[in-house]
1. Ranked highest first by the average count of other Cβ atoms within 10 Å around their residues, in what order do 61-69, 100-108 fall?
2. Where does each of 24-31, 72-79, 50-57 land if you order them by average Cβ count within 10 Å, highest first?
3. Modelling each spin label as a point 7 Å along the Cα-to-Cβ direction, I'd like the Q130/T52 distance in nm, to one decimal.
4. Mind checking the full-extension length gain between E110 and E75? Use 0.36 nm per residue of separation minus the Cα-Cα distance, one decimal, nm.
5. Between K25 and D120, with labels modelled 7 Å along Cα→Cβ, what's the label distance in nm to one decimal, could you check?
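All of the numbers you see were taken from the coordinates with simple rules; none came from a lab. The shown structure was predicted, so the numbers you read here are calculated from the model rather than taken from an experiment. Using ideal geometry, Cβ is built from the backbone for each residue, glycine included, and neighbour counts are taken over all protein chains shown.
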Amino acid sequence: MGQSINTTSEQSTPQFFHGTKAQLKIGDLIAAGFTSNFGKQNIAKYVYLSATLDAATWGAELALGDGPGRIYIVEPTGPIEDDPNLTDQKFPGNPTKSYRTRYPLLIVGEVTGWQGHPEDLLKQMKESVQKAKELGIEAIED
């Protein structure tokens, strides 16, 4: 399992983001237990967040749904840990600053005016996600 981060420490708390297509508002909670955006769209056991706007942008662009992508500023309500889907094999050391938690995320703001990735790069990433789905690759949820 990845490194666990205690969000209640007295140290300076980083800003966290969550990218999605869900239309939510400040004060709402983003919780596990809904359909995952990846693989067979099983019920997600975790909620994902990032300390980088780039990773949240990918989340907003790749999320399922027809609405526009949104990036929310969130505060974890419990402990978070490194996201093993990105940190174990793809990016050792967690340079994407991607995390997951079983606890809800409190929406405290929204990033507006964010820039999406170039169309060709987005197309490549969507094709990669589709290929993983066809191969039966699922998110690590244990």
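1. 100-108, 61-69
2. Per-residue mean Cβ counts within 10 Å order the peptides as 50-57, 72-79, 24-31.
3. Taking the simple label geometry, Q130 and T52 are separated by 2.6 nm.
4. Using 0.36 nm per residue and subtracting the Cα-Cα distance, I get 11.4 nm.
5. Rounded to a tenth, the inter-label distance reads 4.3 nm.
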